[in-house]
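The structure appears right after this line, and notes come after that.
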Amino acid sequence: MKRFNNILCVVEPDISSEAALDQAIRIANDHQASITIASTLNTASLFHRIFKNQKERNENISESAKIKRNATEKWVKQYKPELTADVEIFTGIGFIEIVKSVVKNQYDLVVKCADDMDWLDRLFGSEDMHLMRGCPCPLLILKPGHSEVFKNVLATVDVNDDFTELDENRVQDGLNEKVLEYSAVFSLAELTELHIGSVWEAYGEDFLRYGAFSHVSEEKADLYEEQAQRACSDRLKFLVAEMSKQLGKDTINFLHPKTHLVKGLPAKEIPLMAKQHGVDLIVMGTVARTGIPGFIIGNTAEYILEQVQCSVLAIKPDGFKPPAIKM
């Protein structure tokens, strides 16, 4: 069973980050993990425009970071006076500094609230999307205000085999297994209802049925569709069976996960599935369908993230390395 040992909680010292600190403390207590609290001071543009002299710029950045640290420490002490945790202030481009800190300090979970995107019809802002692309450890992005326990968890797995010939290292299989394991971690800790969902497709079916140059009969197209559905259903059952072996029969009986396999486009069906079942946490792998580790946050994953209105735990495949960042 996966465990968290070293948690980085990214906050702003105001009410908007209370949910992040609440969830980080809850997870740390469940796993006997340590917490580091971090806040960012974006110096990438403003300080470089205002202060032309390097020495003057460094002095002002240092003074601003000191003010931000004091404000963050004061906020933590007022909101959670019983908490003992280190406070870090990152200066620079926020998501880059967070990723650098994760690599340097070997954090195994990052927790933060989603950017305030009330003015857009989506939950996650650009900073969050950058983090989901580059953060090498699990990243929990919370819906603002979600301080309570998660009640319904949706683990999303990919059981299509369209590109298995490109996935010699079984990256997608490994990612599916990680998604299920982390979903079980959150479900067991919170006594939540666990859903396992996947969206299947019969690759090339539209061409077979409607292509101008296709001469396949309707009966053969139906058979092809049925075989694709059966294959995806079998792979989903296999994943759940493997999960049962790893976690044990008693644990699986306790979780009693509900599986959902629907046909369509994941970008459409996953948000609908989450809404239908009242999901407040989606656990998903942020990797493209090719299964190649470098292709992180494919179009499908981004479309899903732009539509959902609940918290997300984003998982990277084993072997993922963040984009080249100067440490």
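The values are calculated or read from the model by the stated rules, or taken from the named source; none is laboratory data. What you see is a predicted model; the values in this text were computed from it and never measured. FYI the Cβ positions are ideal-geometry reconstructions off the backbone, even for glycines, and counts take in every protein chain you see. Just the protein is used for accessible areas: all its heavy atoms, side chains included, with ligands, DNA and RNA removed. Shrake-Rupley method; radii C 1.70, N 1.55, O 1.52, S 1.80 Å.
Please enumerate the residues belonging to the stretch 74-100 that are in a helix (DSSP H, G or I) and open to solvent by less than 80 Å² (accessible area, probe 1.4 Å). First the steps, then the outcome.
As a first pass, look at the stretch 74-100 and keep what is in a helix (DSSP H, G or I): 74-79, 94-100.
Scanning the stretch 74-100 gives Trp75, Val76, Tyr79, Gly94, Phe95, Ile96, Glu97, Ile98, Val99, Lys100.
Scan the stretch 212-223 and give yes if some residue there is touching a residue at least 60 places away in the same chain (Cβ under 8 Å) and touching a helix residue (DSSP H, G or I) at 6+ places or on another chain (Cβ under 7 Å), otherwise no. Talk me through it step by step, then tell me what you get.
First, pick out the residues of the stretch 212-223 that are touching a residue at least 60 places away in the same chain (Cβ under 8 Å): none.
Within the stretch 212-223 (the criterion being touching a residue at least 60 places away in the same chain (Cβ under 8 Å) and touching a helix residue (DSSP H, G or I) at 6+ places or on another chain (Cβ under 7 Å)), the answer is no, since none of the residues qualifies.
Taking the options Glu177, Glu181, name whichever one is within 27 Å of Val308 (Cβ to Cβ), open to solvent by 50 Å² or more (accessible area, probe 1.4 Å) and touching a residue at least 60 places away in the same chain (Cβ under 8 Å). Before you say what the answer is, go through the steps one by one.
Values: Glu181 fails: open to solvent by 50 Å² or more (accessible area, probe 1.4 Å).
Answer to the check: Glu177.
Going through the stretch 243-274 one residue at a time, which ones are loosely packed, with under 14 Cβ neighbours inside 10 Å and closer than 18 Å to Cys232 by Cα?
Lys258, Gly264, Leu265
Looking at the stretch 224-238, which of its residues are exposed (fewer than 15 other Cβ atoms within 10 Å of the Cβ) and acidic (Asp, Glu)?
Residues satisfying the conditions are Glu226, Asp234.
Filter the stretch 289-311 down to residues that are open to solvent by less than 20 Å² (accessible area, probe 1.4 Å) and closer than 21 Å to Leu261 by Cβ and give me whichever is modelled with the highest pLDDT.
Restricting attention to the stretch 289-311, the residues satisfying the condition of being open to solvent by less than 20 Å² (accessible area, probe 1.4 Å) are 291, 297-298, 301, 304-305, 308, 310-311.
Checking which are closer than 21 Å to Leu261 by Cβ leaves us with 291, 298, 301, 304, 308, 310.
Numbers: Gly291: 45, Gly298: 53, Ala301: 72, Ile304: 83, Val308: 86, Cys310: 91.
The residue in question is Cys310.
For the stretch 131-213, list the strands (runs of 3 or more DSSP E) that sit wholly inside it and hold at least 2 residues that are under 24 Å from Gly264 (Cα atoms) and at pLDDT 85 or above; which are they?
Details: elements: 139-142, 152-156, 193-200.
In the stretch 131-213, 152-156, 193-200 are the strands (runs of 3 or more DSSP E) which contain 2 or more residues that are under 24 Å from Gly264 (Cα atoms) and at pLDDT 85 or above.
Taking Leu239 and the conditions (1) in contact (Cβ under 8 Å) with a residue 24 or more places away in the chain; (2) assigned to a loop (DSSP other than H, G, I, E, B); (3) of a type in the set (A, V, I, L, M), which numbered condition does it fall short on, given that it satisfies the others?
Going through (1) in contact (Cβ under 8 Å) with a residue 24 or more places away in the chain; (2) assigned to a loop (DSSP other than H, G, I, E, B); (3) of a type in the set (A, V, I, L, M) one by one, Leu239 breaks only (2).
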